[in-house]
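These notes concern the structure reproduced below.
The values are calculated or read from the model by the stated rules, or taken from the named source; none is laboratory data. What you see is a predicted model, and the numbers here were worked out from it, not measured in a lab. Positions of Cβ are backbone-derived with ideal geometry, glycine not excepted, and every protein chain shown enters the neighbour counts.
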Amino acid sequence: MKIIEVNDYQQMSQVAAEYILKKVTDNPAIHLGLATGGTPSEMYKNLIEDHKQNGTSYEHVTTFNLDEYIGVSGENPNSYRYYMDNHLFNHINIDKRKTHIPLGNTTDSQAECNRYEQLINENGIDLQVLGIGQNGHIGFNEPGTSFSSKTHVVTLAPSTIQANARFFKTIEEVPTKAITMGISTIMKSKEILLLVSGESKKDAVNKLINGEIDEKFPASVLKNHPYVTIIADKAAVSGM
Ligand code: GLP
């Protein structure tokens, strides 16, 4: 794993956007794996800004998001579909039909997991962007998830519900279940870009770098991947 250390959140967002822009320029039909949450939001702003200024085209880009809450439709502002549309897709020239996110409001979540897993297997992901939860979760793969897991339904850990409550009016509104790419799904992508910012992630970064590879800490699986780049700010690496 290669670590690029940057000063702060702004710089992490800028360096991450530049990293992605280079990949998109090199391969205009790239298959990008994308993440939601607080961490990548400023990176998306930078991509939009670049699109306005320099006209980088996403016409041939395909995207696959990591996860989606169960029980919310794409029109619900709390859904990850809504997040992606508003933070990125509505502001660049991407073909929405090529933007894939698990459907959170289907009647058969298991069938949706199978469909999504198959779609990824058929298409492949060139570069997967990841954030990390304070407990080491990637996507919504909570501690204890099998490293061989495929796209599946998860019950969110109380700490994850707590951490994500900031995006909702009340904690009761946070969905308790989600669909997430599995750990083996994530590991199949050719390259991984992990973004980490802030002091709240410092213990997670320390565990990732200095700890064992263990299903109790999902992100540790990344040590088994041949091509991982971490962009982390000073606060995030301050616990190492
Ligand atoms: C969320 C998401 C993850 C995200 C992580 C960190 O629960 N499901 O995909 O990477 O937790 O979120 P944040 O960037 O807001 O700290």
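Does Thr62 qualify as being out of contact with any Ser or Thr (no Cβ under 7 Å at 6 or more places or on another chain), surrounded by 14 or more Cβ atoms within 10 Å (Cβ to Cβ), touching a residue at least 40 places away in the same chain (Cβ under 8 Å) and among the hydroxyl-bearing types (Ser, Thr, Tyr)?
Details: out of contact with any Ser or Thr (no Cβ under 7 Å at 6 or more places or on another chain): yes; surrounded by 14 or more Cβ atoms within 10 Å (Cβ to Cβ): yes; touching a residue at least 40 places away in the same chain (Cβ under 8 Å): yes; among the hydroxyl-bearing types (Ser, Thr, Tyr): yes.
Against the criterion (out of contact with any Ser or Thr (no Cβ under 7 Å at 6 or more places or on another chain), surrounded by 14 or more Cβ atoms within 10 Å (Cβ to Cβ), touching a residue at least 40 places away in the same chain (Cβ under 8 Å) and among the hydroxyl-bearing types (Ser, Thr, Tyr)), Thr62 qualifies.
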Of all residues making up region 84-99, the number that are surrounded by fewer than 20 Cβ atoms within 10 Å (Cβ to Cβ) and either of a type in the set (Phe, Trp, Tyr) or part of a loop (DSSP other than H, G, I, E, B) (or both): 3
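Return yes when His137 is surrounded by fewer than 20 Cβ atoms within 10 Å (Cβ to Cβ) and touching a helix residue (DSSP H, G or I) at 6+ places or on another chain (Cβ under 6 Å) and no when it is not.
Working: surrounded by fewer than 20 Cβ atoms within 10 Å (Cβ to Cβ): no; touching a helix residue (DSSP H, G or I) at 6+ places or on another chain (Cβ under 6 Å): yes.
When the stated conditions are applied, His137 does not pass them.
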Of the residues Glu117, Glu142, Glu173, which single one is farther than 25 Å from Gln14 by Cβ and out of contact with any Ser or Thr (no Cβ under 9 Å at 6 or more places or on another chain)? Glu173
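Scan region 28-71 for residues that are within 19 Å of Asn141 (Cα to Cα) and in a loop (DSSP other than H, G, I, E, B) and jot them down. Let's see the steps before the verdict.
Quick first cut of region 28-71, residues within 19 Å of Asn141 (Cα to Cα) only: 33-40, 64-71.
Answer for region 28-71, where residues must be within 19 Å of Asn141 (Cα to Cα) and in a loop (DSSP other than H, G, I, E, B): Ala35, Thr36, Gly37, Gly38, Thr39, Pro40, Leu66, Ile70, Gly71.
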Does region 181-240 hold any residues that are among the small types (Gly, Ala, Ser) and farther than 30 Å from Ala111 by Cβ, and which are they? Ser197, Gly198, Ser200, Ala204, Gly211, Ser220, Ala232, Ala235, Ala236, Ser238, Gly239
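What about Gly144, is it crowded, with 20+ Cβ neighbours inside 10 Å and at pLDDT 95 or above?
Values: crowded, with 20+ Cβ neighbours inside 10 Å: no; at pLDDT 95 or above: yes.
Here the answer is no, as Gly144 does not meet what is asked.
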Quick check: anything in region 190-200 away from the ligand (no atom under 13 Å from the Cβ) and more than 25 Å from Ala17 (Cα to Cα)? no
Being more than 12 Å from the ligand (Cβ to nearest atom), in a loop (DSSP other than H, G, I, E, B) and either basic (Lys, Arg) or closer than 12 Å to Thr185 by Cα (or both) is the filter here; which residues of region 100-142 pass it? Gly124, Ile125
Might you let me know whether region 205-217 holds any residue that is part of a helix (DSSP H, G or I), over 15 Å from the mean Cα position of the chain (by Cα), crowded, with 18+ Cβ neighbours inside 10 Å and away from the ligand (no atom under 14 Å from the Cβ)? yes
